[in-house]
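The structure appears below as C-alpha cells.
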Protein chains: 2
Amino acid sequence: MTAQAEDFPRWYQDVVTTATLADNGPVRGTMVIRPYGYAIWERMQAELDARIKAAGAANAYFPLLIPESYLRREAQHVEGFSPELAVVTHGGGKLLEEPAVVRPTSETIINVFFAKWVQSHRDLPLLINQWANVVRWELRPRVFLRTTEFLWQEGHTAHATAGEAQSYSLQILHDVYEDFARNVLALPVVAGRKTDRERFAGADATYTIEGMMGDGKALQMGTSHELGQNFSRAFGITFQSRDGANEFAWQTSWGVSTRLVGALIMGHGDDAGLRLPPLIAPIQVVVMVVRADPEVQDQATRLGSELAGLGVRVHGDDRTDVGFGRRAVEWEVKGVPVRIELGPRDLAEGVATLVRRDREAKVQVGLSGLAERVRDLLVEIQSTLLDEAERRRRDRTFEVGDPSDVAATLSEGGFARMPWDAIRDHEAEMAAMGFTVRCLQGIDGSVPTASTEPDLVATVARAY
Amino acid sequence: MTAQAEDFPRWYQDVVTTATLADNGPVRGTMVIRPYGYAIWERMQAELDARIKAAGAANAYFPLLIPESYLRREAQHVEGFSPELAVVTHGGGKLLEEPAVVRPTSETIINVFFAKWVQSHRDLPLLINQWANVVRWELRPRVFLRTTEFLWQEGHTAHATAGEAQSYSLQILHDVYEDFARNVLALPVVAGRKTDRERFAGADATYTIEGMMGDGKALQMGTSHELGQNFSRAFGITFQSRDGANEFAWQTSWGVSTRLVGALIMGHGDDAGLRLPPLIAPIQVVVMVVRADPEVQDQATRLGSELAGLGVRVHGDDRTDVGFGRRAVEWEVKGVPVRIELGPRDLAEGVATLVRRDREAKVQVGLSGLAERVRDLLVEIQSTLLDEAERRRRDRTFEVGDPSDVAATLSEGGFARMPWDAIRDHEAEMAAMGFTVRCLQGIDGSVPTASTEPDLVATVARAY
C-alpha cells in the first residue's frame, strides 16, 4: 500500500481496493459498493435513521424519474443542476413525449406532492426523509467522495414560519449530523454557514459540517438548507394559517451520503489501512485461530459467544489453511478495532494475544474475564480515535489575518481561520488558487444564520 | 370506500389512497410511497433482511446504470427485458457514446463483477444481496402490484456445483420467502416451479410462491431462479476447482418487491380497509384519548409506556380537536390490529374499550394488567389472520380434471389444481382466456426441480 506521506490520493485508492470497500463501475464515475463497504454504510444508515426519526421525520419514497419540466420551475435550482443531469429519453422502446431526468436531488418532485398534502396549518410541520440513490454526472469522479451515482438520505420539510424552518434546519445540523460525526464516526467537525458562493442552488442559507481529513484537507460531510419560500412559491405549497390567511410554507432540505465512507477512510486511516471507530465497525473484534487445533478452536468459539453475548459484533477467523500473517494483515487493512489471536501455546498458558488497531502494539492478556475487558476496550478505542482527530484539527488550524498569507500557511494542509470581513472580497480569487471558504461561524464558534452578519470568522481550506 | 364485492380493483385503489399508502407519480406507472406505506415496507425489509443474512448472503450495492451492451450478452435475458427498458442517452449535457439502461434487474452488471471476484473454489459460494430500485416500463401499471419503478431486494449467488445452486435457490424460496409470507405476513402460499412459458428470462428453472388474494386471484409474491451456467458462460465466471480444472460457476438469483405491500392489502383487507398482521404493522396498538381530560391523558400515556416497555409498537392519539369518529375510522382504514379507547367515563369505572381490527366487536376491558393482555392478544390476532387466509385458500381451491372445466370452476375466482399432463398442451390457449399456470408441484405438494417431470400438479388461476 502506498504511504500517506508519499501520495495521499493513491493511498486512499489503495485502501478502498485492498480493504474491499468498492470497485469502479462501468459507467463513468459509478461505483460498486462491496459487502464490507456496504456493511459500514448500513451501520451509518442505522445510526442516522434513528437520529432522523428522533427528530420527528418519517421515511417515504419518491420516484427516481422526474419530468424535466419540474426542474425548471425553480430558476436557481435548474441552473445549479442542469450540467450534471442524466436524461432518460426512451422508455419501453419509444421516445418519451417529455424526457425524464434521473433525480440529482428530489426537491422538485417532492414539493409537487407537498403541494397536494399541505392544506392547513394542521398539516405542518411536514417532516419527510428518503433513503435513495441519486445521479449527478461527474467529470472528475473519486470513489465515495464524488461519484456519478451515490446513496444518501435527503430530508424535506415544510413549516408554518421562517423561524420554525430555521430552527429545524439547525436541529438537523447539530443533533443529527454533528452528533453522528462526532459521537459515532469519532470525527469532530466545524459547523457553520456556507457563503453565498457555496450555497445550495435554491436555498436562502446552507449550513454545513466540515471535517479535516488526514492530509489536512477539508471534506464537506453534510449540509442542511433553509429554502425559505423559494420552492413553496415555485410549487404552490400553501396553507391556511390559524387566522385564516393563505400562506406559502417555509422549507428545509438536508442530506448526507456515501461520501461519509470516504470521510471515515481519510479521517482515521493510516499507512496500514482503515482504522474503524468501534461504533461504526461492522466487525468490532476478530478472534483468530492461529493454527488448526480442536482445543484452540473450542476456546475461540467460546470467546466469540461470550463477546456476542455482551453485544459485541465479533467475527471468528478459523481459516487455518490461509497463512496467519496474510489473515492478520487483512483484518488490519480492514480496520477491525480489536484482534485477538489464539494459538496452542497461548492456550497452555491461559492467555491470548490482543492487538488494538489504534495502537498496533501486541499484548498478552489473560483469558479469564477477557470478553468484558474487550468490551470496555472498545469504548476506550472509540474515544482515543476521537481524541486523535481532535488533536489533529487543533494542531492544524491556524489563525490568519490576511488573505495573502493563506497559501503559505496552508502549504502543508490544514484550516485557516480569519475574519470574514478580511476575505469576503477575495473569495473568488482564493478559490482560483484552490482555497475555499468552507464555512462561516460566529466568533464564539456558533452557527450564524442568514441574517447574522457582523464579526464572522471564515474557515478556509483546500477541500475534496 | 368501494365494497370489495362491488369492484375489487376500485376497492384496492381506495384503500391505497385512504390509508395514505401511496400516490401515483408523474412519470407513467411510477408511485410515491407515503410514510405509512413506507413504514410497512421498512418492516418487511427488516424481517426479510434478517432471513437473508441468516441464509449467509451479504448486502452490497451495484450501479443503477448499466451499459446497454451488457444486457445483450445473454440472449434470452435481453429478449425478455428489452421491451421494458428505460434508456439514458444523455449525461452531463452530452450524448453518451454508449447509452445506459436503468437496471430492470442486475444479473448483467453483477456478473461482470462476479467474473472479477471469483477465481478459485475458495471464493465460492459467493452470496450477495442488494436492496435497490429497478425500472421496467409498464404499459398497464397498478400501484404496488405493477409499477414502472419498484423497490426490491435481488439476491445473486455463484456456486461450485449445480446441486449447491439448486439447493440454495430452494432454501431461499422456503426459508426466506415462504417463511416470511406465512409467519410474518400471515399469508399461506403455494410454492412450486414455474412452467417454461412463465420462467425468468435466462433461467433454467424459476421457483415461485403464489398467494391467493381476497378476490380469489393469484399474486406471484416472490421468485427464486436457478440460472444454471447461462450467465457464467455469458460473463466468463470461471473458477479453479479442487482438482485444478477450470469450470463455469452455477448461479441463482431471487427477489421480492414492494408488490408485497399489494399482497398484504389484498390478502387481508376488508370493506373497512387494511387489516395488518401485528408482526408487520408499523403501529400495533393505538391508544385513543376520547375527550380532552388530564386524567385520561395521563392514563393513556401510562398505558402507552407500559405497552412500549413490553416491546409493543404503540401510538398515542390525543388529537381531541379532531372528531372521535373520524379518528377511529382512520385507524380502522389503516388496519391497526388493536385500538384502545379511553374516555372519562371508562376511567371512572376502571375500564377501557378495546377493538380488535380482525373482528370489529367492541369489548370493555379492565385497566389492570391490560398491557400484558394486549401483548398476548397481538399473538392471537396474528394467528387468526393466518387461519382466515388458510381457510379461504382451502375453500377456494378446486380439483379439476379437464382444462375445459377451468373457466366455469373459476368463474368466481380461486385456484384450480389439475394434472400437468392434462393441461400442458393447452397452456397457451388457457392463457389467452386469462388463466395461467401459476406453478407446478409434486403430488405431495413438494417443489419439483427442472428435472422432476412425471406426475406434476398444476395450479391454475387468474393472476395479477
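Overview of values
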| read-out | value |
| --- | --- |
| Ranking of B:H159, B:H315 by count of other Cβ atoms within 10 Å, fewest first | B:H315, B:H159 |
| Other copies of A:V329: label-to-label distances in nm, shortest first, labels 7 Å along the beta-carbon direction | 7.1 |
| DSSP-assigned coil residues among GluC sites (Glu not before Pro) in region A:383-455, each with at most 14 further Cβ atoms within 10 Å | A:E412 |
| FRET E, pair B:T452, B:S411, Förster distance 22 Å, beta-carbon r, rounded to 0.05 | 0.10 |
| Neighbour count of at most 15 Cβ within 10 Å plus DSSP loop: longest trypsin sites (Lys or Arg not before Pro)-free window in chain A | A:73-241 |
| Antiparallel bridges, percent of DSSP beta bridges restricted to region A:257-376 (to nearest 5) | 55 |
| Options A:A115, A:T30, A:N59, ranked by Cα towards positive dipole end of region A:8-268, top entry (Cβ charges) | A:T30 |
| Neighbour-count order for B:T252, B:T208, A:T301, fewest beta carbons within 10 angstrom listed first | A:T301, B:T208, B:T252 |
| Label point 7 Å beyond Cα along the C-beta direction, distances from B:E79 to other copies (nm, shortest first) | 5.3 |
| CD proxy at 222 nm, helix term only [per DSSP H run n ≥ 4: -39500 (n - 2.57); per residue of chain B; nearest 500] | -10000 deg cm²/dmol |
| Using a 7 Å Cα-to-Cβ projection, B:G236 label spacings across copies, nm, ascending | 5.5 |
| Qualifying lysines (Cα of each under 29 Å from Cα of A:K94; at least 8 residues distant if same chain) | B:K94 |
| Cα gyration tensor shape of region A:285-377, rounded if a/c is under 1.5, else prolate or oblate by comparing a/b with b/c | rounded |
| Amide proton proximity set for B:K217, modelled H, under 5 Å, gap of 5+ | B:G414 |
| Span from the region B:1-40 Cα centroid across to the region A:403-438 one, whole angstrom | 54 |
| Long-range amide H partners of B:V447 with built H, under 5 Å | B:G442 |
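Every number here is computed from the coordinates shown, using simple stated rules; none is lab data. This is a predicted model, so every value here is computed, not measured. FYI the Cβ positions are ideal-geometry reconstructions off the backbone, even for glycines, and counts take in every protein chain you see.
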